[in-house]
Structure formats: structure tokens, C-alpha cells
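Written below as C-alpha cells is the structure these notes are about.
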Amino acid sequence: MLHWWFRRFSCMSRSQSSRRTGSMRPVNAAADGRKMRSIIAEDSEWSLELVPLLTTLCLQHIIKHFREKPILDELTPKYKAYVLQRLPTSLPLTITANLISDESYWKRCCEGRWAVSDVSTYDNSWKRMFFERHLENIIEFFIPDATDTKTVLDVVPLCRNYVKRLKVSQLLPPIRESPRFDEDDRSDCASDTGSEGPSMDHFDFRILLDKLPNLEELNVVYGVKGCGMNFEWNLFEFTFRDCEFLAKALHSCKTLQVFRIHRSKVDDEKCCLLVSQLLDHPSLQELDFSHNHISDRGARAIGKLLNRSQLKRLVVCNNQIRGPGAQALAHALSKNITLLSLNLRLNRIGDEGGQALAQALVKNKTLVNLHLGGNNMTEPTAVALSQALVENCTLKNLNLSNNKLGVDGGKVLEEGMSHNSSLVECDIRLTDVSQDRSITVQ
């Protein structure tokens with residue numbers, strides 16, 4: 001009986017295989033001498049032997065139902081890798097954030113979301129890149145008085161361990177609607193509409209910074225990108241209350257090492273407020289106030305900060321600092337023992353400020369880079385710097401470009417550098433120094 005079933009099963013298998021592969025034998029082919037011909041089916045790879053393994057079926061089931069029941073750590077490394085390679089990147093972050101550490105998965109997430117993904121700027125960590133850019137995107141499109149703060153707070157537990165830097169390139173103001181009132185009430189309502197409605201404040205960093213224990217760098221711009229024909233000045237308004245909130249947030253973030261605020265109309269009052277909350281900060285090493293409206297009062301506040309912090313790099317380029325402000329910075333620099341780089345490019349310090357900074361270089365023993373380009377300095381500053389270079393032995397890079405030093409100023413600088421052994425580079429482009437002379441840097 002068993003032999004009969006085996007023969008029956010063999011015949012059925014051959015018959016099914018013939019039908020599947022499309023093999024076909026003409027009737028009476030042997031009798032009329034014609035050769036047997038075969039027809040190949042469309043699926044040439046079909047075979048009874050390629051039946052998925054039970055293991056594969058189980059893994060596919062795990063992938064399909066990962067959202068409802070995530071199973072990963074229980075798998076062996078081999079099967080875990082199989083699942084991670086096939087998981088969809090659309091899974092909720094509430095599931096994947098603290099469960100998946102595999103870099104290849106987060107690489108697929110980054111490349112699927114952003115056209116440009118340079119992981120080298122994120123310590124070669126795809127997961128860090130994803131969560132930093134994800135959080136930046138939420139902040140940049142946060143609309144005060146419209147977006148629920150819960151959208152930010154919900155993502156904090158998921159990304160708090162991976163965010164080291166935030167580069168916020170825009171901050172949106174609230175949506176301001178035109179007031180509506182009846183004609184009968186026009187006279188009564190007109191005086192009240194100015195005090196009601198949404199404020200013009202932006203995202204409040206107080207709700208976020210103290211919840212990011214690894215945050216080391218914050219770059220902020222209070223403005224709107226690509227506003228085009230919808231341009232209005234209030235899109236670029238850094239309010240005093242914005243400044244208060246930001247200052248308190250900076251004070252609460254004890255791990256912050258780098259703070260940059262560009263193109264945000266930071267004036268003296270706001271600069272003083274920000275600096276007051278950064279005094280004696282335990283970790284701040286770089287401060288950048290480029291492209292703002294800071295003048296002498298703000299410069300004096302920054303000078304105070306120099307000797308009540310561990311700053312190594314200070315950038316205040318393209319502001320409105322004049323001679324008195326530069327003198328305040330020079331006074332602080334003469335006592336400072338931590339600052340390595342100072343950038344005052346595109347201010348208005350003139351010879352009053354230039355000479356004060358030159359005198360500070362005589363006493364300072366740590367500064368390595370000094371940028372004074374575009375500051376309306378002339379020959380007296382060149383003379384003072386020449387004398388300072390004779391005694392200074394730490395400065396390596398000096399930029400004096402776009403100042404009217406003149407031919408005589410170039411000569412005295414050359415004389416001073418002939419007695420200096422530390423300076424490596426001195427930029428004197430556009431300084432009216434004679435073209436047939438070159439300053440030799442030893």
C-alpha cells in the first residue's frame with residue numbers, strides 16, 4: 001500500500017512540475033518522428049525546492065508586526081541584523097528611539113528624509129544626526145500661540161541622550177490676524193486691539209535646554225528663511241522678552257560650550273542681558289555675536305565676561321563697536337589668561353581702539369589669533385602693533401586687511417616683525433602698503 005502511494009505522489013509531482021514549468025510534449029511525437037519541444041513559463045525561477053524556511057517566515061512576521069509588538073533584543077545577532085535591514089523607516093520614534101542603536105537603520109532614516117546627509121559633522125553618528133535635525137526641524141517650524149508645546153516636550157525623552165548640537169536657522173513669529181469688529185463698535189474697539197491678540201515672541205527655549213543633558217552647542221537666528229514677497233520687518237524681530245527667555249535658558253544649560261546668535265538685531269541692552277546670565281558659566285568656551293547691533297556698552301559687558309568665564313574664542317564681527325568699546329575689551333584682554341582667538345572684523349574701533357588692543361598684546365600671554373580687518377585703523381595703530389610684536393611671543397595670526405595703514409605703517413610693521421619669532425601669518429591686503437614691499441614673517 002505504501003509503495004502505491006509513493007508511486008501516486010511521484011506521478012502527481014511530475015505532472016504538476018510539468019504544468020508549472022510549461023513543459024509540453026506533442027501527441028504521438030515519437031510515432032511521427034518529430035522532436036519533443038518545451039515551452040518555458042514566464043517565472044523561470046519557480047521551483048518546488050524554494051520553499052521559505054520556517055525561520056525566515058518567523059522573521060518576516062516579526063518585521064510585519066513590529067509596530068504592535070517590537071521584538072529585537074531577544075533575537076540572535078544574525079537574526080537581529082536580518083530584521084534591522086528590513087524594518088521600515090516609517091516606524092514611530094516612540095518605538096525605535098531607545099530600542100534601535102544600529103547605525104545602518106538610522107542611516108536609512110537620514111538618507112530617506114534629507115537629500116544632503118554629511119555624517120562626518122556629527123561624529124560619524126547617524127543616530128545623532130537624525131535626532132538633532134529632527135529636533136531642529138520641530139523648533140524651526142514651531143509657531144507660538146498656534147503650535148502646542150507638547151510637540152516639543154513629547155520628543156525630548158526620545159532624543160535627549162543623542163543631541164549635542166542645535167543649529168536653529170530660523171524662528172517663526174506668531175500668526176497675527178487682522179482685528180475684526182462691527183461698524184457700531186469701531187470707535188470703542190480701536191483703542192483696545194493693540195493690547196490683545198498674540199504676542200510677537202518666538203519659541204521659548206526655557207522649556208527645552210535644561211532637558212538636554214548632553215547639549216554642547218547652540219546656534220540661533222531670530223528670523224525667517226525664504227520669506228520672499230511676504231517679507232515684513234517683524235519677521236526678524238528679537239524681542240526683549242525673547243532675550244529674557246533665552247538668557248534664562250542659557251543659564252540653566254550647564255553643559256553648553258558654544259553659543260552663537262547671528263543676524264538677530266542684538267543691541268546693547270539685549271547683549272548685556274545675555275552676558276549677565278553667562279557670567280561664571282562653568283563650561284562656555286566660545287561666544288559668537290556676529291552680524292548684530294552691539295556697540296560700546298555691549299562691548300563693555302563682553303569685556304566683563306572675558307574675565308568671569310573660561311572663554312577661548314570670542315567673535316563680535318560686523319557690529320558697531322567703536323574706540324571706547326574696544327578699549328574696554330583691551331583692558332579685559334590685558335588680564336585674560338584663557339582667550340585664544342578674538343575677531344573684531346568689520347567694526348569701527350579706529351586708532352583709539354587699535355592702539356589699546358596693541359598695548360594689551362604686550363601684557364597678554366595667551367592670544368593666538370587676532371582679526372582687526374575693516375576697522376578704520378591707520379598708521380598710529382601700525383606703530384603701536386609694531387612695538388607690541390617686539391615683546392609679544394604668543395600671537396601667530398594677525399589680520400589687518402582693509403585698513404589704511406599706508407606705506408609708512410607697512411615699514412614699521414615690517415620692522416616690528418623682524419624682532420618677532422612667533423607670528424606665522426599677517427594679512428595686510430587692501431591697506432595701502434606699497435606693492436613693491438612685502439612683509440616678511442619669520
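The values are calculated or read from the model by the stated rules, or taken from the named source; none is laboratory data. Every value quoted in this text rests on a predicted model; they were computed, and no experiment measured them. Glycine also receives a Cβ, built like all others from the backbone with ideal geometry; neighbour counts cover every protein chain displayed. For the accessible areas, the whole protein counts, side chains as well, though only heavy atoms, and no ligand, DNA or RNA atoms are used. Shrake-Rupley method; radii C 1.70, N 1.55, O 1.52, S 1.80 Å.
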Determine, yes or no, whether ARG133 is of a type in the set (D, E, K, R) and closer than 21 Å to GLU216 by Cα. yes
Any idea which of GLU132, GLU111 is charged (D, E, K, R) and open to solvent by less than 30 Å² (accessible area, probe 1.4 Å)? GLU132
Is one or more of the residues making up the range 367-387 out of contact with any His (no Cβ under 7 Å at 6 or more places or on another chain), in a strand (DSSP E or B) and either crowded, with 20+ Cβ neighbours inside 10 Å or at positive phi (or both)? yes
Residue in the range 341-350 that is open to solvent by 10 Å² or more (accessible area, probe 1.4 Å) and farther than 25 Å from GLY406 by Cβ present: yes
With the condition kept exactly as written, say whether any residue in the range 82-97 is modelled with pLDDT of 60 or more, more than 25 Å from HIS134 (Cβ to Cβ) and assigned to a helix (DSSP H, G or I). yes
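For the range 141-164, enumerate the residues that are more than 25 Å from ILE95 (Cβ to Cβ) and either aromatic (Phe, Trp, Tyr) or open to solvent by 20 Å² or more (accessible area, probe 1.4 Å) (or both).
Within the range 141-164, ILE143, ASP145, ALA146 meet the criteria.
Conditions tested, residue by residue: (1) touching a helix residue (DSSP H, G or I) at 6+ places or on another chain (Cβ under 9 Å); (2) modelled with pLDDT under 90; (3) open to solvent by less than 80 Å² (accessible area, probe 1.4 Å).
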residue: GLU196; (1), (2), (3): no, yes, no
residue: HIS202; (1), (2), (3): yes, no, yes
residue: ASN219; (1), (2), (3): no, no, yes
residue: CYS227; (1), (2), (3): yes, yes, yes
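Take GLN320 and decide whether it is more than 26 Å from the chain's Cα centre (by Cα) and part of a loop (DSSP other than H, G, I, E, B).
In short, yes.
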Members of the range 98-121 that are touching a helix residue (DSSP H, G or I) at 6+ places or on another chain (Cβ under 7 Å) and assigned to a helix (DSSP H, G or I): GLU103, SER104, TYR105, TRP106, LYS107, CYS109, CYS110, VAL119
Answer yes if at least one residue in the range 299-309 is open to solvent by less than 60 Å² (accessible area, probe 1.4 Å) and in contact with a Ser or Thr (Cβ under 7 Å, 6 or more places away or on another chain), and no otherwise. no
How about the range 94-108: which of its residues are over 17 Å from SER125 (Cα atoms) and open to solvent by less than 60 Å² (accessible area, probe 1.4 Å)? ILE95
Restricting to the range 229-245, what's the tally of residues that are closer than 22 Å to SER295 by Cα and either surrounded by fewer than 20 Cβ atoms within 10 Å (Cβ to Cβ) or among the hydroxyl-bearing types (Ser, Thr, Tyr) (or both)? 7
Specify which of the listed residues (ALA330, ALA326, ALA358) is touching a Ser or Thr at 6+ places or on another chain (Cβ under 8 Å) and part of a helix (DSSP H, G or I). ALA358
Does any residue in the range 133-147 that is under 12 Å from ASP204 (Cα atoms) come within less than 6 Å, Cβ to Cβ, of a residue that is open to solvent by 20 Å² or more (accessible area, probe 1.4 Å) six or more places away or on a different chain, and which pairs are these? ILE143/LEU172; ASP145/PRO198
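Tell me, which residue of the range 246-283 that is in a helix (DSSP H, G or I) and hydroxyl-bearing (Ser, Thr, Tyr) is surrounded by the fewest Cβ atoms within 10 Å (Cβ to Cβ)? Talk me through it step by step, then tell me what you get.
Taking the range 246-283 first, the residues in a helix (DSSP H, G or I) are 246-252, 268-276.
Those still in the list that are hydroxyl-bearing (Ser, Thr, Tyr) too: 252, 276.
Numbers: SER252: 15, SER276: 13.
If we take residues in the range 246-283 being in a helix (DSSP H, G or I) and hydroxyl-bearing (Ser, Thr, Tyr), then SER276 is surrounded by the fewest Cβ atoms within 10 Å (Cβ to Cβ).
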Between a first residue in the range 226-244 that is among the aromatic types (Phe, Trp, Tyr) and a second residue that is open to solvent by 50 Å² or more (accessible area, probe 1.4 Å), which pairs have beta carbons less than 8 Å apart while being 6 or more apart in sequence or on different chains? PHE236/ARG263; PHE236/LYS265; PHE238/LYS265; PHE240/GLU269
Counted residues, the range 137-159 - those being closer than 13 Å to LEU172 by Cβ and either part of a helix (DSSP H, G or I) or out of contact with any Pro (no Cβ under 9 Å at 6 or more places or on another chain) (or both): 7
